[in-house]
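Here's the structure we're looking at; comments come further down.
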Amino acid sequence: MTARVGVVTFPGSLDDGDAARAVRIAGAEPVRLWHGDPELHGVDAVVLPGGFSYGDYLRCGAIARFAPVMETIVDAARGGLPVLGICNGFQILCEAHLLPGALTRNQHLHFRNRDQVLRVESVGTAWTNAFQPGQEILIPVKNGEGCYVADTATLDALEGEGRVVARYLGGNPNGSQRDIAAITNAAGNVVGIMPHPEHAVEALTGPSLDGLGFFTSVLKHLVGAPA
Amino acid sequence: MPRVVVDVMLKPEILDPQGQAVANALPRLGVSDVASVRIGRRIEIDFTGEPDLDRAREIADKLLANPVIEDFTVRLVETDETAGARS
């Protein structure tokens, strides 16, 4: 049976269409979820896409966290539902306390938009098991508030527990501490990533096809997961 | 009716690039004796009835501030001291 992967649309989401397309190219069925509807419609995994939910008012992701759909997603994620937050989705996961730390204004204050090399450091998560440990990938980064910060104890714990999923190589685009581009929760089912794998799934529009691995990973994970 | 004012500031250990950018602009105004500038946010809350400081603290902790990177203070002011009343 084809896996069903939900993609949430908040007011101000931008990359929900690309995320749904990436899901389809990976071989799953994308299911569009609406921020105001708490029902997950039986999806097997969820993507929180990039964009500017609620206009980034107050703090990026701060208001989206309280959307009806998020209350269901937070509970389901604690129960093991795979959730990938990309860019604004990563910010929402931090605001919802599914991931530690916070994403703040880029240190140099500039919006950064470029193709970025990452090193995948943790392949034990639901969203990265299709990669090799240490694999270098090229996917677009585009953010104004992508600077990952956390206190030293949290950063040490993330590194000690193998929860840094990817790091920036060849220049840190936003000042993120310890070059962190992506992290996971302790269970490995929730991943937040600042760059955009959904924009690197087709030769026509992306710098590579490296982003596809995140979406094929979750399908692999779902096949292997106990029912 | 008194109004609740919540001030949200980045924690001291969190870099404030906006504040730094403002501080770096000050010499262009001829100001050379400012050591640092930090930028926060002030939020004014009017309750429908009596102001409820405990409720305001809950709002600040859950939504207005992100305790990972920000501190907040909650206080009551008379409405004629607030920005809205002056304008």
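Read the figures in this text as sums done on the coordinates, not as results from a lab. All of these numbers come straight from a predicted model, not from anything done at the bench. Here Cβ is always computed from backbone atoms with ideal geometry, including for glycine, and neighbour counts include all displayed protein chains.
Filtering B:Asp71, B:Asp54 for residues that are out of contact with any helix residue (DSSP H, G or I) (no Cβ under 9 Å at 6 or more places or on another chain) and exposed (fewer than 11 other Cβ atoms within 10 Å of the Cβ) leaves a single hit, B:Asp54. A:Ala64 falls short on exactly one of the conditions (1) closer than 22 Å to B:Leu64 by Cβ; (2) touching a Lys or Arg at 6+ places or on another chain (Cβ under 6 Å), and that condition is (2). Taken over the stretch A:70-95, the criterion of being within 14 Å of chain B (Cβ to nearest Cβ) and more than 19 Å from A:Trp127 (Cα to Cα) is satisfied by A:Met70, A:Glu71, A:Glu95.
Here are some residues: A:Glu145, A:Glu202, A:Glu198. Which one is touching a helix residue (DSSP H, G or I) at 6+ places or on another chain (Cβ under 6 Å), among the acidic types (Asp, Glu) and in contact (Cβ under 8 Å) with a residue 40 or more places away in the chain?
Working: A:Glu145 fails: touching a helix residue (DSSP H, G or I) at 6+ places or on another chain (Cβ under 6 Å); A:Glu202 fails: touching a helix residue (DSSP H, G or I) at 6+ places or on another chain (Cβ under 6 Å).
On inspection, the qualifying residue turns out to be A:Glu198.
Conditions tested, residue by residue: (1) over 15 Å from the mean Cα position of the chain (by Cα); (2) in a loop (DSSP other than H, G, I, E, B); (3) free of Cβ contacts under 8 Å to residues at least 24 places away in the same chain.
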| residue | (1), (2), (3) |
| --- | --- |
| B:Gln18 | no, no, yes |
| B:Pro27 | yes, no, yes |
| B:Glu58 | yes, no, yes |
| B:Val68 | yes, yes, yes |
| B:Val74 | no, no, no |
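Against the numbered list (1) loosely packed, with under 15 Cβ neighbours inside 10 Å; (2) touching a helix residue (DSSP H, G or I) at 6+ places or on another chain (Cβ under 9 Å), A:Val191 comes up short only at (1).
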